Amino acid sequence: MVRTILRAKSFWIKIALILTGITMPLWLSVERSGLASIIEKLQASPSGSTLMMAAFGLIMLNTVRALPHYLGALLLGDELGARLGYSWLKVAIPLTVIPLVYAIINGYNSINYHFGGPALFLLLSIAVLHFLGKGQLRPVFKSFILAQLLFGFQWLDTVLFLTAFGFGGGEISMEVKTIASQLGFGSTLSFYSLVFFAVFIINATVLAIYLTVSEQKTRMRQDLDIARLDMVESRSGREALHLVHDLKTPLSLMEGLNSLIQMKTNDQEILQYTNKISSSIQATSDMVSEILYHEKKNWCTLKTFIEYVRANKLSDSATIYAFDLEASEHIEIFINKIRMTRALVNLIDNASDAVEGKKEARVTIATKVAHEGILIGVKDNGHGISQDNIDKIWNAGYSTKSHPGVGLTFVKNVVKEHGAELSIESEQGIGTTFWIHLPKERVKDENTDHG
């Protein structure tokens, strides 16, 4: 799991954001931002308009400097919490990383980075956002809300009467407030700062509530769709099982009559035909058993399995399919052919959707031998899946399409029934490959074949 995280591009993007926040004072200094010249002008010829320009410039500088590491810490917590399965990391990581960033900056920077009221309020807001959204609010929404909260809370640094409570303890903030007090504009600056604070905090709060409610409604609709699909599938499944069970009776009758013919004749040609009938009846009986009982498995060569998949899916499709069959077709796998075929067909359907409308669209069915067993895969040259979506596609009901995605949930269940594993390789702009890792089985005699 750790190796997978370290290989993920999204992980290093979050780390890069945090490092950018740490190095911000080096390349976005007070002088380079233009704030120093405004402060000098304010000191030389104090005025209310220059004071407000200085206050606004200070808030903008503090916001731009802080935004990268706040976003980086927030998104890093979301990613590690989702990947490792520990929801508390979504709060614990930002609450640990952000104070650490302040400590590192103060370790090398001559101007003190004050970890005061706004920073504490923001950390509290991150925890509230997590619990308000029950840990399910999308990172992009949380990031947008956090940016507004960050800008809003920064205005508290220029409220004069909040200085005693840990707000605006930085050198430049104190200088701006001192000049405001000397000019007699302390109350005016505090009033406008509180207005800006209220506007952005109220807007962020309303947006957070709206997005949380919208997310919950979306999830409820998905759950309802899944319940409906399960109900329809359960009813159809029961009807199919009754029909399949009824097939056992005529099959038994056919086998009995065929055995009677074999007993009544010595004609070699007729016996040859009856042997083929018997083999077909046995194969049909095995298939019926596989439909009735998901734990029922039989030996099947890769050749037979791929041909069965081709007959069930590829023969009636307009999509261009290719085959990359590295593993010997005579290798046998112990599977429930019906359910494994359906699982592979689901993967093929997903791949076909991924390449729909693309020039030179291609879906490839692949096999190869690995040290741990046999790999059966479905590759596409579609747009790929983002890292955020890769983490979500295994959830029942999640889909990038307009309907709930239940196909991968079924595939995962079938793979689990076979003691196998399911993995995914995807790169945006390149394509996606799903691999089913089956235990290595036996190689069948090339002169014989059975399904």
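The values are calculated or read from the model by the stated rules, or taken from the named source; none is laboratory data. Since the structure is predicted, the reported quantities are computational estimates derived from the model, not experimental observations. Here the Cβ positions follow ideal geometry from the backbone for every residue, glycine too, while neighbour counts run over all protein chains shown. Just so you know, the surface numbers come from the protein's heavy atoms only, side chains and all, with ligands and any DNA or RNA stripped out. Shrake-Rupley method; radii C 1.70, N 1.55, O 1.52, S 1.80 Å.
Annotations
- Distance (nanometres) between label positions extended 7 Å along Cα→Cβ at Met254 and Glu175: 9.3
- Fully extended contour minus Cα-Cα distance, from Ser110 to Lys412, at 0.36 nm per residue: 103.2 nm
- Taking the range 26-104 and dividing mean pair separation by its residue count, relative contact order in percent (alpha carbons under 8 Å, at least six apart): 21
- Förster radius 35 Å - calculated FRET efficiency between Ala127 and Asp349, Cβ distance, rounded to 0.05: 0.25
- On the basis of the beta-carbon distance and an R0 of 51 Å, Leu194 and Lys296 show a calculated FRET efficiency of 0.10.
- Computed label-point distance, nm, for sites Ile202 and Met263 using a 7 Å Cα→Cβ extension: 9.3
- Note, ³J(HN,Hα) from phi for the range 254-261, Karplus 6.51, -1.76, 1.60, rounded to Hz, x at Gly and Pro: 4, 5, x, 5, 5, 5, 5, 4
- Solvent-accessible area per residue for the range 150-211 (1.4 angstrom probe, square angstrom): 48
- Both radii are taken from the alpha-carbon atoms of the range 12-60; with Rh as the Kirkwood radius, Rg/Rh is 1.19.
- The range 57-151: relative contact order in percent, alpha carbon pairs under 8 Å with at least 6 residues between: 32
- P(r) tail fraction, the range 337-383 - alpha-carbon pairs more than 16 Å apart, %: 47
- Put the Cα centre of the range 140-176 next to the Cα centre of the range 72-105 and the gap is 21 Å.
- Cβ-derived FRET efficiency at R0 45 Å, Ala36 paired with Arg362, nearest 0.05: 0.15
- Chain lengthening between Glu307 and Glu329 when straightened (0.36 nm per residue, less Cα-Cα): 6.9 nm
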